[in-house]
Amino acid sequence: MSKQVLITGGAGFIGSNFVHHWCQNHDGRVVVLDILGYAGNKANVSDLMEQARFRLVEGDICDGELVAALLAEEEIDTVIHFAAESHVDRSILGPAAFVQTNVVGTFTLLEAFRNHWQAKDKPADFRFLHVSTDEVYGSLEADDPAFTETTPYAPNSPYSASKAGSDHLARAYFHTYGMPTLITNCSNNYGPYQFPEKLIPLMCLNILLGKPLPVYGDGQNVRDWLHVSDHCSAIDTVLHKANPGDVYNIGGNNQVKNLDIVHQLCDLMGELAGDLPQPPRELITFVTDRPGHDRRYAMDISKIEKDLEWTPAYNFETGLRQTVAWYLENRDWWQPLLSEEYRGYYDNLYGDR
Ligand code: NAD
Ligand code: DAU
């Protein structure tokens, strides 16, 4: 039988990619709840508006009454929870919004879903999948083994601390109430529809605009990059194959230093963009490091590979090339995002660096 899903944050980067993945692969009702803040963009799901099965609700996950009403009236059996404040630099500038949405918002959803699930006599096929991050595990040194699902939590930024708090709540709802939660912890995503505050789209746009490419610290920090389509297929797999209470790490087996990515982006842009205001590599500018900057992330994904037979499909070189091409072909998507708010944020973060 088809699932009736509520997807929170479904107008953001990963959420909107997931909504498309879901609609292409599954039948049933799809309800998106998104506050449509700076990172939530109606345009990301506008092609689905005509479909009778799809509904976009503009609202806050912290609004318990709204969430309860949606779960009941749409007869939701599955929540896939992406909604969050997601950018580490913004969490350093203003942590309060992160505690509110990521901790209080997740608690509000869990509590509403618990009431809904209990009112229906705890159906065995209900699921609450909480989407989280590798950042909850802290930072690795160059030779440390990758994070596993049993690595102790050691979050270092207000963002990762708020995500850790939300993971603990999801875990507690399974252990205390038997509510069928699942948690996924994923590494850095890249691909289409990513807001240009994150490393890859920010560098692409700055190259096109002839602006400095701000590399934090020595540029030797390592991230484990995964194409967003692979993240979507992993979440789908966990939802359908994992047991309630399970936790799975998701990653790309693909550790890359920031400066190497910036060099690759400069070269790809040089090749694909035609005329550029300035040779891209000349724009690289080393700036003051991010406070508390985690040195390295790497995910051990052997559990999901072995238990659920999921493995990443994308090759990083091909995926990065496609992503650069997407930003070149979709100026109409990103140009409106370079708003007054964005410029204010940008000047505040990078102005004196
Ligand atoms: P994003 O910032 O692009 O999207 C977040 C979405 O949540 C936006 O549409 C936003 O409007 C919505 N939202 C924010 N506050 C809300 C609220 N109070 N109520 C309703 N909606 C709200 O983020 P993303 O990169 O797509 O990340 C999605 C999820 O995946 C987050 O939970 C994040 O922690 C997690 N994650 C992200 C990555 C990554 O590399 N981007 C990696 C691992 C995990
Ligand atoms: O690891 C998963 C996490 O990846 C997610 O949970 C977060 O939601 C997501 O934002 C991302 O966090 P990061 O901090 O790793 O991503 P970001 O794109 O902000 O930065 C990637 C690396 O690039 C990081 O080491 C900081 C560096 N950087 C970033 C920006 C924006 C720069 O050197 N310059 C920049 O201008």
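Projecting each Cα onto the charge dipole of the chain (Lys/Arg +1, Asp/Glu -1 at the beta carbon, about the Cα centre), which of Ala170, Pro312, Tyr248 comes out farthest on the positive side?
The residue sitting farthest along the positive end of the dipole is Ala170.
Over the chain, with a Gaussian network built from C-alpha contacts below 10 Å, which listed residue (Ser86, Ser162, Ser339) shows the highest mean-square fluctuation?
The residue with the greatest mean-square fluctuation here is Ser339.
The chain: percent of C-alpha pairs farther apart than 28 Å?
Result: 41 percent of Cα pairs exceed 28 Å.
Relative contact order for the chain: what is it in percent, counting Cα pairs under 8 Å that are at least 6 residues apart?
17 percent
Ratio of alpha-carbon Rg to the 2.2 N^0.38 Å globular estimate for segment 276-326, to two decimals, please.
1.79
Where only protein heavy atoms count, and the probe is 1.4 Å, what is the accessible area per residue for the chain in Å²?
Accessible surface, normalised per residue, equals 41 Å².
With a Cα-only, solvent-free Debye model of segment 138-187, what are the log10 I(q)/I(0) values at q = 0.18, 0.30, 0.32 Å⁻¹?
Here log10 of I(q) over I(0) equals -0.67, -1.24, -1.28.
Wrap a convex hull around the Cα atoms of segment 161-249, take a quarter of its surface area, and give that in square nanometres.
Mean shadow area of the hull around the Cα atoms is 7.5 nm².
Could you pull out every residue, at least 5 positions away or on a different chain, whose amide H is within less than 5 Å of the one on Leu182? Hs are placed 1.01 Å off N in the peptide plane, and Pro or chain starts have none.
Amide H to amide H, under 5 Å and 5 or more residues apart or across chains, Leu182 pairs with Phe128, Leu129, His130, Gly245.
Take the eigenvalues of the Cα gyration tensor for segment 1-159, scale each by 5, and report the square roots as semi-axes in whole Å, largest first.
Ellipsoid half-lengths, sorted descending, are 28, 19, 17 Å.
What FRET efficiency, computed as 1/(1 + (r/R0)^6) with R0 = 35 Å and r the Cβ-Cβ distance, is obtained for Ala119 and Lys42, rounded to the nearest 0.05?
0.65
At each listed q (0.13, 0.17, 0.18, 0.21 Å⁻¹), what is the log10 of I(q)/I(0) that the Debye formula gives for segment 83-215 modelled as equal alpha-carbon point scatterers?
The Cα Debye sum returns log10 ratios of -0.67, -0.99, -1.07, -1.25.
With a 1.4 Å probe and all protein chains kept in place, how much accessible area does Tyr38 have, in Å² rounded to the nearest 10?
Accessible area of Tyr38: about 60 Å².
Give me the dipole magnitude in Debye, nearest 20, for the chain about the Cα centre, with unit charges on the beta carbon: positive for Lys and Arg, negative for Asp and Glu.
That gives a dipole near 180 debye.
If you bin the C-alpha pair distances of segment 209-271 every 10 Å from 0, what whole percents do you get?
17, 34, 26, 16, 6
With θ set to phi - 60°, apply the Karplus curve 6.51 cos²θ - 1.76 cosθ + 1.60 along segment 231-247 and write out the HN-Hα couplings as whole Hz, x wherever there is a Gly or Pro.
Running phi through 6.51 cos²θ - 1.76 cosθ + 1.60 with θ = phi - 60° gives 4, 4, 5, 5, 5, 4, 5, 4, 4, 8, 10, 7, 8, x, x, 6, 10 Hz.
Ratio of segment 11-74's C-alpha Rg to 2.2 N^0.38 Å, to two decimals?
That ratio works out to 1.09.
Between 0 and 90 degrees, rounded to the nearest ten: what's the tilt of helix 13-25 against the longest Cα principal axis of the chain?
Around 60 degrees separate the two axes.
With both bridge residues required to lie in the chain, what share of the DSSP beta bridges run antiparallel, to the nearest 5%?
If I count the DSSP bridges inside the chain, around 10 percent turn out antiparallel.
If packing is taken as the average count of other Cβ atoms within 10 Å, what order do 223-233, 53-63 fall into, highest mean first?
Result, highest mean first: 223-233, 53-63.
Helix 340-350 versus the longest principal axis of the chain: what is the Cα-based angle in degrees, 0 to 90, to the nearest 10?
The answer is roughly 60 degrees.
Give me the compactness ratio for segment 186-337, meaning the Cα radius of gyration over 2.2 N^0.38 Å.
Dividing the Cα Rg of segment 186-337 by 2.2 N^0.38 Å gives 1.13.
Have a look at Lys163, Lys257, Lys120 and tell me which one the Gaussian network model of the chain (Cα, springs below 10 Å) gives the largest fluctuation.
Lys120
Residues with amide H under 5 Å of Arg29's amide H, sequence separation 5 or more or different chain, H placed in the peptide plane at 1.01 Å from N; which?
Here Val5 satisfy the definition.
Please compute the net charge surrounding Met49, taking Lys and Arg as +1 and Asp and Glu as -1 over other residues with Cβ under 15 Å from its Cβ.
0
Looking at segment 74-136, what % of the alpha carbon pairs are farther apart than 19 Å?
Tail of the P(r) past 19 Å holds 40 percent of the pairs.
If you roll a 1.4 Å probe over the chain with all protein chains in place, what percent of the accessible area is carbon or sulfur?
48 percent
Listed here are the pairs Lys163/Lys198; Lys120/Lys306; Lys241/Lys306; Lys198/Lys257; which of them are more than 23 Å apart at the Cα?
Over 23 Å Cα-Cα: Lys120/Lys306.
Relative contact order for segment 225-297: what percent, with Cα pairs under 8 Å and sequence separation of 6 or more?
Averaging sequence separation for qualifying contacts and normalising by length gives 28 percent for segment 225-297.
Choose one of Phe147, Asn185, Asn221: the residue whose Cα lies farthest towards the positive end of the charge dipole of segment 136-250 (beta-carbon charges +1 Lys, Arg; -1 Asp, Glu; about the Cα centre).
Asn185
Separation between the Ala325 and Leu66 pseudo-spin-labels, each 7 Å from Cα along Cα→Cβ, expressed in nm?
Rounded to a tenth, the inter-label distance reads 3.9 nm.
Please compute, over every Cα-Cα pair in segment 161-210, the percentage with a separation greater than 16 angstrom.
Of all Cα-Cα distances in segment 161-210, 59 percent exceed 16 Å.
Tally Lys/Arg at +1 and Asp/Glu at -1 over every other residue whose Cβ is under 14 Å from the Cβ of Asp246; what's the total?
Here the charged neighbours net out to +2.
The values are calculated or read from the model by the stated rules, or taken from the named source; none is laboratory data. Predicted, not measured: the structure shown is a model, and the values here were computed from it. Neighbour counts are summed over all protein chains in view; Cβ atoms, including those assigned to glycine, are modelled from backbone coordinates with ideal geometry. Ligands, DNA and RNA are excluded from the accessible area calculation, which covers all protein heavy atoms including side chains. Shrake-Rupley method; radii C 1.70, N 1.55, O 1.52, S 1.80 Å.
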